[in-house]
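Enquirer: Before anything else, here's the structure in question.
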Amino acid sequence: MTLIGDVARWFADPAHWQGSHGIPVRVLEHIELSGLAVAVAILIAAPIALYFGHVGRGGFIAINVANIGRALPSLALLAFALPISFALGLGLGFWPTLFALIPLAIPPILTNMFVAIREVDRDVVDAARGMGFKESQILRSVEIPLGLPLMLDGMRTASVNVVATATLGAIVAGGALGRFIVDGLALQEYDQLVAGALLVALLAIVTEVAFAALTRASAPPGMSVSR
Amino acid sequence: MKRGRTILAALFAAAMVATACGGAGTGGSGATTTARPAVIIGSTNFYEQITLGELYAQILEANGYKVTRKFNLGNREIVEPAIESGQIDLDAEYLATLLAFIDKDGKVAKPTTDPKETQAGLQKALDPKGLTVLDFAAATDQNGFVVTKDTASSKNLKKISDLAPYAKDMILGGPPECPSPQRPFCLTGLKNVYGLTFKDFKPLDAGGPLTVAALEGKQIDVGLLFTSDPSIVAKNFVLLDDDKHLQLADNIAPVVRKDLVSKDDGTLKRLLNSISAKLTQAELNDMNKQVAVDKKDNKDVAAAWLKKQGLIK
């Protein structure tokens, strides 16, 4: 039980809230890293998912290829990304971690986007086509708005995974919240380690709640999102 | 490295069989074997140790000793009991680390930053085990602080105390445990012994690829590496001299069984000491670089060095 007290004292220490190693900086680094990883994953997944979802063919091949990203352990990806990052002159920390996180984020985003487009009521799509909508208009004005809640659901899953996994970056000298965990272990300062783990868990929960709210808000009028 | 290890394991197995069959080993290079005792040399599973083992083996072979190599045995937890029990007769050791290993609570002697003192303490601890430590080399394998050649020449840095005017603007990189107050040989020691306070500390790894990469990429200014790290030569880094003796004396020295020394006429001691006399840090690091970076064979590297030093023909 002393550990709980130690952790509370660790959080109460003003020194841990200041400077380049302080909690606010580490939280921002974590958000920056996770946010960029998810953003890049969306940029990669979206064109593929939207195209295959719209034409309605071949999507499952794309999904299965993307799912390899789920099967690869992030730690192995990180080890793989490190020499590549050196070769490109990007150094340690941020970039290799980002490379390792992107394949983790792609599968849920790709799968959900594909299914979201696919699952839009075919009668609605046919009606739009009958009214003279072009294919791009159908995608933009019908399929995407109606599929948005499901798409955001995929981004939520990806983001929570990425926030939890971004801690690995500390192993390759990155910043972010993993720093508290890795340094806590190295220094045998278990209060720091537990505090770091709590901060990561908290950030993951905040991400989850924020996306849930966003999903509800994104539902077009007349469509209910069960959550 | 992996394949080399398998080959060495095979050699080791062959050596075991050979000795089991009555010691019909492969002799020296035809020199007269006038009652030269047979020597079994061991080493831990680390390339520097195998090179050192080769140095000892080849100088002895050139002088008519029958040498059996039992290299790559494992860590010190395996090799130290092996020499105590007589499964090997000789190995290369590191003064302070070996003393701390065999005298864990420091009852006999504690390692210090002075190699002579540490050697004397180590001998005291080795006496009851029937072992003796011979002359130590200038070369060490201990914590070292390293800068790039650019940094060294622009700021004229040669020793750690030269960092004094610059440290406040420099970033130090090392293992994450470096800032711990329980680690007197890292950040705490730099502050207490040298009065150095760095602008920042970047947690990396224990003398590994991250520290090398961070130094090269200028993400840190000063890095903690081991003093015999081959990347110091390979990457043109400058190892700063520990002029105020912060680090414990981990100089390299041969450790021999006393029963072997007593069977010998003193030649063995003289030969091994002649290696230690010439083995400077730069010489060791160059050999390590040839093995670890240029992927040369330990045997060839050792032979070339002994010839260059005029120790064998």
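The values are calculated or read from the model by the stated rules, or taken from the named source; none is laboratory data. Note that the coordinates shown come from a computational prediction; the quantities given were computed from them, not determined experimentally. Positions of Cβ are backbone-derived with ideal geometry, glycine not excepted, and every protein chain shown enters the neighbour counts.
This table checks each residue for (1) under 30 Å from B:Gly217 (Cα atoms); (2) within 14 Å of another protein chain (Cβ to nearest Cβ); (3) not in a helix (DSSP H, G or I).
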| position | (1), (2), (3) |
| --- | --- |
| A:Ala41 | yes, no, no |
| A:Gly53 | no, no, no |
| A:Ala76 | yes, no, no |
| A:Phe86 | yes, yes, no |
| A:Gly89 | yes, yes, yes |
| A:Leu92 | yes, yes, yes |
| A:Val125 | no, no, no |
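Enquirer: Identify all residues within segment B:127-160 that are assigned to a strand (DSSP E or B), within 21 Å of B:Ala234 (Cα to Cα) and more than 14 Å from the chain's Cα centre (by Cα); write none if there are none.
Expert: Result: B:Phe145, B:Val146, B:Val147, B:Lys159.
Enquirer: Just wondering, is there one or more residues in segment A:85-106 that are touching a Leu at 6+ places or on another chain (Cβ under 7 Å) and modelled with pLDDT under 90?
Expert: Looking for residues that are touching a Leu at 6+ places or on another chain (Cβ under 7 Å) and modelled with pLDDT under 90, one finds at least one in segment A:85-106, hence yes.
Enquirer: Just checking, how many residues over segment B:180-197 are more than 25 Å from the chain's Cα centre (by Cα) and of a type in the set (A, V, I, L, M)?
Expert: Residues flagged as more than 25 Å from the chain's Cα centre (by Cα) and of a type in the set (A, V, I, L, M) within segment B:180-197 amount to 1.
Enquirer: Also: Could you grab me the full set of residues in segment B:180-204 that are within 8 Å of chain A (Cβ to nearest Cβ) and buried (at least 18 other Cβ atoms within 10 Å of the Cβ)?
Expert: Result: B:Lys202, B:Pro203, B:Leu204.
Enquirer: Condition first: surrounded by 18 or more Cβ atoms within 10 Å (Cβ to Cβ) and at pLDDT 95 or above. Can you find one or more residues in segment B:242-249 that meet it?
Expert: No, segment B:242-249 has no match at all.
Enquirer: Would you please name the residue that is farthest from the other protein chains (Cβ to nearest Cβ), looking only at residues in segment B:168-179 that are under 29 Å from the mean Cα position of the chain (by Cα) and outside any loop (DSSP other than H, G, I, E, B)?
Expert: The selected residue is B:Leu172.
Enquirer: For segment A:177-184, indicate whether the set of residues that are within 30 Å of B:Gly208 (Cβ to Cβ) and in a loop (DSSP other than H, G, I, E, B) is non-empty.
Expert: Yes, segment A:177-184 has at least one match.
Enquirer: How many residues are without any contact (Cβ under 8 Å) to a residue 24 or more places away in the chain and surrounded by fewer than 23 Cβ atoms within 10 Å (Cβ to Cβ) if we restrict to segment A:153-181?
Expert: Number satisfying all stated conditions: 1.
Enquirer: Sticking with this one: Answer yes if at least one residue in segment B:246-264 is more than 23 Å from B:Thr97 (Cα to Cα) and either within 14 Å of chain A (Cβ to nearest Cβ) or assigned to a loop (DSSP other than H, G, I, E, B) (or both), and no otherwise.
Expert: Scanning segment B:246-264, I find at least one residue that is more than 23 Å from B:Thr97 (Cα to Cα) and either within 14 Å of chain A (Cβ to nearest Cβ) or assigned to a loop (DSSP other than H, G, I, E, B) (or both), so the answer is yes.
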